[in-house]
Amino acid sequence: MSQTTANLAALLPSAGAKLVVEERPIPTPGPDEILVRNHAIALNPIDWKRIDFNIALPTYPAILGSDVSGVVTAVGSNVTAFQPGDRVLGSAAGMSTANPDHAAYQTYTLLLASAAAKLPAALPFRDAVAAVTSVSTATLALFDVLGLPAPESAAKPPTNTGILVWGAASATGAGTVQLARLAGLKVFATASPQHHDRVRALGTTAVVDYRSPTAVEDLVAAAKEAGVNVALAVDSISTDDTFPLVVNFLARFEGPKKVAHLLQWPEHVAKPADVEAEWVQGFKIWVARKDLSELVFNRLLTGWLEKGEVVPGPVRVTDGGLSGLQTALDVLRKGVSGEKLVVEV
Ligand SMILES: NC(=O)c1ccc[n+]([C@@H]2O[C@H](COP(=O)([O-])OP(=O)(O)OC[C@H]3O[C@@H](n4cnc5c(N)ncnc54)[C@H](OP(=O)(O)O)[C@@H]3O)[C@@H](O)[C@H]2O)c1
């Protein structure tokens, strides 16, 4: 891990180009921001999609990335919850603000204090960073889109309320399983068999192989046997293949059905009239649902991590620090199985 105090950034110089590492100024936090000296950066599929499909790249050079963990070095005038020296993780808002100071792929990142959490002393930066988008996306899927009572609120879902999490080995799926469990739901999930033990340990009532031709039937049987009604679903994969399976599963249960999906529902895939479906919009974690962000990141996540109630997913560290981000992006573009790609800086 470098001891540099300069701010080095992995810049995307132009559309479709390879990342290049250059020095840029260390930013100063605005009133509601904290400056973090990053120690680990995690990649998300949206990072390579932004390059390949020109998403949220208004100007070049651009800086990608949203997930960091590190040490606070300065705080804005309104910030009382953090101070220099705090070990934190957080979700950087650059995809929304278009301000490169708010991007992850560099040594120093400005975070909204509302989207940061202190780390338990024993949790390494490289492991902690895997929780960022996993938790933010789960928060929005469950408590924004599906409207479930937030954990620790007085309202509780009715006993034996269940939820389907399709793709629980994914980073977002694993986060959703854990936050759903903490919200008092019984969780039914799919994942490849090599991830079943891990997904069970996160708190599922049943998990089946999504490649099995009887996956839906087997999960329905498990829920009925457990006496659980499952009218809610989070489709953490959201492909042409998964939407019909999720809908077929929900059709076997009572009451209004709702699916939170992570990618837009394609026009050519039928959406049954009796199923409400809503796209999870990740950028809401920074401003539109700051209430949820403050609740989960500022008030709950540190304790959950401390007690092991939320466990960050497995990580694979790519060598080379910021220079390794290009390699990691190329690997992620091909797809990963049950691991979060991370670089250390
Ligand atoms: N809308 C939003 O706000 C938002 C936020 C974050 C992510 N996303 C999007 O959500 C998707 C997931 O992101 P992520 O970071 O969680 O991905 P990820 O961790 O890279 O997902 C990889 C996992 O997907 C699983 N998978 C692939 N195909 C599957 C299928 N047909 N059924 C079940 N599981 C399957 C694999 O499971 P196995 O290893 O078990 O095979 C693999 O472990 C991406 O498309 C991403 O762009 C959207």
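The values are calculated or read from the model by the stated rules, or taken from the named source; none is laboratory data. Since the model is a prediction, treat every value here as computed from it, not as a measurement. Methodologically, a virtual Cβ is constructed for each residue, glycine included, from the backbone with ideal geometry; neighbour enumeration extends over all protein chains shown. Protein only, heavy atoms only, side chains kept; ligands, DNA and RNA dropped before computing areas. Shrake-Rupley method; radii C 1.70, N 1.55, O 1.52, S 1.80 Å.
Please calculate how many Å² of accessible area the range 1-150 carries per residue, with a 1.4 Å probe and no DNA, RNA or ligand atoms counted. Provide the component values of the computation, followed by the final result.
On the way: 5390 Å² over 150 residues.
Accessible area per residue: 36 Å².
Can you give me the accessible area per residue for the range 287-345, using a 1.4 Å probe, in Å²? Could you put the intermediate results ahead of the total?
Numbers: 2740 Å² over 59 residues.
Dividing the accessible area of the range 287-345 by its residue count gives 46 Å².
When only alpha-carbon atoms count, how far does the range 135-282 stretch along each of its three principal axes, as whole angstroms with the largest first?
Computed over the Cα atoms, the extents are 40, 30, 29 Å.
What size of dipole, in debye to the nearest 20, comes out for the range 271-345 about its Cα centre when the only charges are +1 on Lys and Arg C-beta atoms and -1 on Asp and Glu C-beta atoms?
Numbers: 10 positive and 11 negative charges, 25 e Å.
I would put it at about 120 debye.
Who wins for biggest fluctuation among Ala56, Ala183, Ala138 in a Gaussian network model of the chain, springs between alpha carbons below 10 Å?
Ala56
Once you have all Cα-Cα distances for the chain, histogram them in 20 Å bins from zero and send the whole-percent values.
32, 57, 11
Would you mind calculating the gained length between Ser337 and Ser323 on full extension (0.36 nm times residue separation, minus the Cα-Cα distance), in nm to one decimal? It would help to have the intermediate numbers written out before the result.
Values: separation 14, 0.36 × 14 = 5.04 nm, distance 2.31 nm.
Stretched fully, the Ser337-Ser323 segment lengthens by 2.7 nm.
Can you list the lysines whose alpha carbon is less than 25 Å from that of Lys284, not counting same-chain residues fewer than 8 positions off?
Reachable lysines: Lys49, Lys118, Lys156, Lys257, Lys258, Lys271, Lys340.
Assigning unit charges at the beta carbon (Lys, Arg +1; Asp, Glu -1) and nothing else, what dipole magnitude in debye, to the nearest 20, does the chain show about its Cα centre? Intermediate results must be reported in sequence, preceding the final value.
Values: 28 positive and 33 negative charges, 57 e Å.
Dipole size: approximately 280 debye.
Quick check of the Kirkwood formula: for the range 71-130, what is the inverse mean of 1/r over all pairs of different Cα atoms, in Å?
Values: mean 1/r = 0.0825 Å⁻¹.
Hydrodynamic radius (Kirkwood, Cα pairs) of the range 71-130 is 12.1 Å.
If contacts are Cα pairs under 8 angstrom and at least 6 residues apart, what is the relative contact order of the range 135-282 in percent?
Reported as a whole number, the value is 24 percent.
Out of the total accessible area of the range 135-282 (probe 1.4 Å, heavy atoms of protein only), what percent is carbon and sulfur?
Ligands and nucleic acids excluded, carbon and sulfur reach 53 percent.
May I ask for the distance between the Cα centers of the range 130-160 and the range 195-267, given as a whole number of Å?
The distance from the Cα centre of the range 130-160 to that of the range 195-267 comes to 17 Å.
Of the peptides 286-296, 159-169, how do they stack up when ordered by the mean number of other Cβ atoms within 10 Å, highest first?
159-169, 286-296
Restricting to DSSP H runs of at least four residues, report the calculated mean residue ellipticity at 222 nm for the chain, -39500 (n - 2.57) per run over all residues, nearest 500 deg cm²/dmol. Walk me through the numbers before you get to the answer.
Working: 11 runs with 85 residues, N = 345.
Computed ellipticity for the chain at 222 nm equals -6500 deg cm²/dmol.
Evaluate the charge dipole of the range 1-152 about its Cα centre and quote only its size in Debye, nearest 20, assuming +1 on the Cβ of each Lys and Arg and -1 on the Cβ of each Asp and Glu.
240
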